[in-house]
1. Exactly one of (1) over 18 Å from ASP170 (Cα atoms); (2) within 16 Å of ligand 2 (Cβ to nearest atom); (3) touching a Ser or Thr at 6+ places or on another chain (Cβ under 8 Å) is unmet by SER60. Its number?
2. Kindly check whether there is at least one residue in the stretch 155-176 that is part of a helix (DSSP H, G or I), among the charged types (D, E, K, R) and in contact (Cβ under 8 Å) with a residue 12 or more places away in the chain.
3. Working only within the stretch 14-58, note down all residues that are buried (at least 21 other Cβ atoms within 10 Å of the Cβ), part of a strand (DSSP E or B) and near ligand 1 (Cβ under 8 Å from one of its atoms).
4. Search the stretch 59-83 for residues being part of a loop (DSSP other than H, G, I, E, B) and under 21 Å from LYS196 (Cβ atoms), and hand back the single one that is farthest from the chain's Cα centre (by Cα).
5. Quick one: would you say ARG83 is modelled with pLDDT under 95, crowded, with 16+ Cβ neighbours inside 10 Å and within 16 Å of ligand 2 (Cβ to nearest atom)?
6. Name the residues in the stretch 4-13 that are over 18 Å from the mean Cα position of the chain (by Cα) and either surrounded by 14 or more Cβ atoms within 10 Å (Cβ to Cβ) or within 16 Å of ligand 2 (Cβ to nearest atom) (or both), would you?
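The values are calculated or read from the model by the stated rules, or taken from the named source; none is laboratory data. Just so we're clear, the structure is a prediction, and the values are computed from it rather than from any experiment. Cβ sites come from the backbone with ideal geometry, for glycine too, and all protein chains shown count toward neighbours.
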Amino acid sequence: MVTLLSVRNVGKSFGGVRANDSVSFDLAEGELLALIGPNGAGKSTLFNMINGQLCADAGSILFQGKELIGLKPREIWALGVGRTFQVAHPFNSMTAIQNVQVALMSRDRTIFNFWRLGTHYGREEAMELLRQVSLEDQWDKPCSTMAYGDVKRLELAVALVHKPRLLLMDEPTAGMAPHERNELMALTKQLVVEKKLAVLFTEHSMDVIFAYSDRVVVLARGRLIAEGTPTQMRVDPKVQEVYLGAGNTFAEHVG
Ligand code: ADP
Ligand code: MG
């Protein structure tokens, strides 16, 4: 196993709130790692430190051996760390393929120009990316008319534009119907295998975690309290306790 991301003793406080407190874990190439924990556990904070939106107060975040703390989001993106957003926000008035074309222009540092969207800029590459997320039939559809699950797959195509090695997905299936969740995660899993991507994702649905994650890291009140396979996490007393504290047993989440 080749370590891609190494998080070591990472800390972040907001005033008196320790959103992350000495968090450490590794992520290997080709691994789908779920980051779970009750609301307020510090998951989004950790994501935002990895992608450079937030600067950690302490510790180290190594990506392929390179320190990410202190780098700007764009620099981290250029190193091969992609992300999707909790709320999908494509340019609604544009079609599916135009959204991918804009991302290609940004990657290639081509001056953004609406007139070029009518041209063939990156069209073949954009179409191939749409094919990879099974949206080729909807290439000409305005995003405003696409189903939510399809918009999320488009977002994935956009994230793949610069060929990331690691993809960060914060609550990718939020707001989705169960069948859409499964489609998105099955597609993600397929991309992990085909492109040797690694994925770090947060997820509330235990069904999704059990079906698709290779390993699980559990945060509670800013601290990493457990890590292991989904099956190990299901029976871990510390994990059950934090979910009990949240008013639910872990088994109920699963069920
Ligand atoms: P999660 O994503 O696991 O729900 P977050 O990382 O969003 O958790 O939040 C962890 C803790 O940090 C919470 O107590 C939250 O209120 C606090 N927090 C997060 N972001 C900020 C911020 N920008 N300013 C102040 N407090 C924040
Ligand atoms: Mg969050």
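1. If we test SER60 against (1) over 18 Å from ASP170 (Cα atoms); (2) within 16 Å of ligand 2 (Cβ to nearest atom); (3) touching a Ser or Thr at 6+ places or on another chain (Cβ under 8 Å), just (2) comes out false.
2. Residues of the stretch 155-176 part of a helix (DSSP H, G or I): 155-159.
Next, from what is left, pick out any that are among the charged types (D, E, K, R): 155.
With the extra rule that they be in contact (Cβ under 8 Å) with a residue 12 or more places away in the chain, the set shrinks to 155.
Yes, because at least one residue in the stretch 155-176 is part of a helix (DSSP H, G or I), among the charged types (D, E, K, R) and in contact (Cβ under 8 Å) with a residue 12 or more places away in the chain.
3. Within the stretch 14-58, ALA19, ASN20 meet the criteria.
4. Looking only at the stretch 59-83, we keep the residues that are part of a loop (DSSP other than H, G, I, E, B), and these are 64-65, 68-72, 80.
So of that shortlist, the ones also under 21 Å from LYS196 (Cβ atoms) come out as 64-65, 68, 80.
Numbers: GLN64: 18, GLY65: 20, LEU68: 17, GLY80: 13 Å.
Ranking the candidates gives GLY65 first.
5. Working: modelled with pLDDT under 95: yes; crowded, with 16+ Cβ neighbours inside 10 Å: yes; within 16 Å of ligand 2 (Cβ to nearest atom): yes.
It is true that ARG83 is modelled with pLDDT under 95, crowded, with 16+ Cβ neighbours inside 10 Å and within 16 Å of ligand 2 (Cβ to nearest atom).
6. Here is the first cut: in the stretch 4-13, the residues over 18 Å from the mean Cα position of the chain (by Cα) are 8-13.
Scanning the stretch 4-13 gives ARG8, VAL10, GLY11, LYS12, SER13.
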